[in-house]
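Written out below as structure tokens is the structure these notes cover.
The values are calculated or read from the model by the stated rules, or taken from the named source; none is laboratory data. Not measured: the values here are computed from a predicted model. Ideal geometry is used to build each Cβ from the backbone, glycine not excepted, and the neighbour counts take in all protein chains shown. The accessibility values were calculated without ligands, DNA or RNA, using every heavy atom of the protein model including side chains. Shrake-Rupley method; radii C 1.70, N 1.55, O 1.52, S 1.80 Å.
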Amino acid sequence: MIITLSKDEMAVVKEQDVVPFRNRVREYAVKIKMGLVNQTKLITAASELVRNMLRYANGGKIRIEIVSKGRDNGIRLTFADTGPGIQNIDLAMKDGYSTGKSLGLGLPGARRLVNEFNIQTETGKGTTVTIIKWSNG
Amino acid sequence: MDKIPILKMGSFLLVTIQVDLYDRLALNLESDLIQMVDKIGAKGVLIDISAVNIVDSFMGRILGNIASMSRILDAQTVVVGMQPAVAITLVELGLPLNGVRTALNVEKGMALLQSMIPPEKGDEENIEDDHNSF
């Protein structure tokens, strides 16, 4: 069972918000003594997801949580937007697929960098992506 | 508006990224740098990313773009000082930065650039002078 130990919420609506958001995630990761490599992976994944949110949904809200499962501590990030949703989720999770002009690495790359990855989307309503990175995962 | 300074050293351009990058800043750096390569006829570009904690797919692509664009303009690009954690993350992300030359630090990067660029007759002395004064 996953227990939430601490919770924070942040809105990201413009590109400049990305830097303070990444710093906030780092603060939390440092707080639970996450190693540097895992920190970097988590923040990189977060950076990919927040870019998607800005580009395709004009921003959204991110919940930052410190979670614990047994002896493991981790960071859970929930990216929620009210954008157009993703039409074909299987395609979107494929390397190299993009409806924009990007490399198409954002979603599949972010999934590789974290321990748990969940995406819920509904066309016309929005997309919610949840990721967890365990401190020593 | 933030701006990343580009320093000219002889026929090389030196960029040290000391701030957290966001997309617009990275894009501006790309266009400023390429214009500068053209303007001064630079032969080499050295980008120091030792202070950069995060390189995601967008910034990785910008680094690749800078290398390809400057190659077309007859300049070599070397990226130096990448943090180990950033290298691990980039490869797992799926962006191994093929086509971008790298070196461990500025000194080695400079040596690599110099070895890649055949000395031009006439220009040679100027370049030497610049290095002595540095």
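Below, the figures for the structure above:
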quantity	calculated
Members of the range A:103-137 that are more than 12 Å from the chain's Cα centre (by Cα) and in contact (Cβ under 8 Å) with a residue 40 or more places away in the chain	A:L105, A:G124, A:K125, A:G126, A:W134, A:S135, A:N136, A:G137
Failed item, numbered, when B:N53 is tested on (1) open to solvent by less than 50 Å² (accessible area, probe 1.4 Å); (2) within 20 Å of B:L14 (Cα to Cα); (3) within 14 Å of chain A (Cβ to nearest Cβ)	(1)
Which numbered condition B:K8 misses (of (1) within 14 Å of chain A (Cβ to nearest Cβ); (2) touching a helix residue (DSSP H, G or I) at 6+ places or on another chain (Cβ under 8 Å); (3) not aromatic (F, W, Y))	(1)
Among residues of the range A:3-23, those that are more than 10 Å from chain B (Cβ to nearest Cβ), of a type outside the set (D, E) and open to solvent by 70 Å² or more (accessible area, probe 1.4 Å), counted	4
Qualifying positions in the range B:56-76 - open to solvent by 10 Å² or more (accessible area, probe 1.4 Å) and away from chain A (no Cβ under 14 Å)	B:M69, B:R71, B:I72, B:L73, B:D74, B:Q76
Search result, residues across the range A:93-119 that are open to solvent by 40 Å² or more (accessible area, probe 1.4 Å) and of a type in the set (S, T, Y)	A:Y97, A:T99, A:S102
Meets criteria (farther than 24 Å from B:N53 by Cα, among the small types (G, A, S) and modelled with pLDDT of 95 or more) for A:A80	yes
Whichever residue in the range A:30-41 is touching a Gly at 6+ places or on another chain (Cβ under 9 Å) and within 14 Å of another protein chain (Cβ to nearest Cβ) and, among such residues, is farthest from A:F117 (Cα to Cα)	A:M34
Tally, over the range B:84-103, of residues that are within 17 Å of B:V15 (Cβ to Cβ) and not small (G, A, S)	5
Any hit, the range A:51-67, residues being surrounded by fewer than 19 Cβ atoms within 10 Å (Cβ to Cβ) and within 11 Å of chain B (Cβ to nearest Cβ)	yes
Test: residue in the range B:117-134 that is at pLDDT 95 or above and part of a loop (DSSP other than H, G, I, E, B)	no
Residue, farthest from the other protein chains (Cβ to nearest Cβ), within the range A:68-92, restricted to residues that are of a type in the set (A, V, I, L, M, F, W, C) and surrounded by fewer than 16 Cβ atoms within 10 Å (Cβ to Cβ)	A:I89
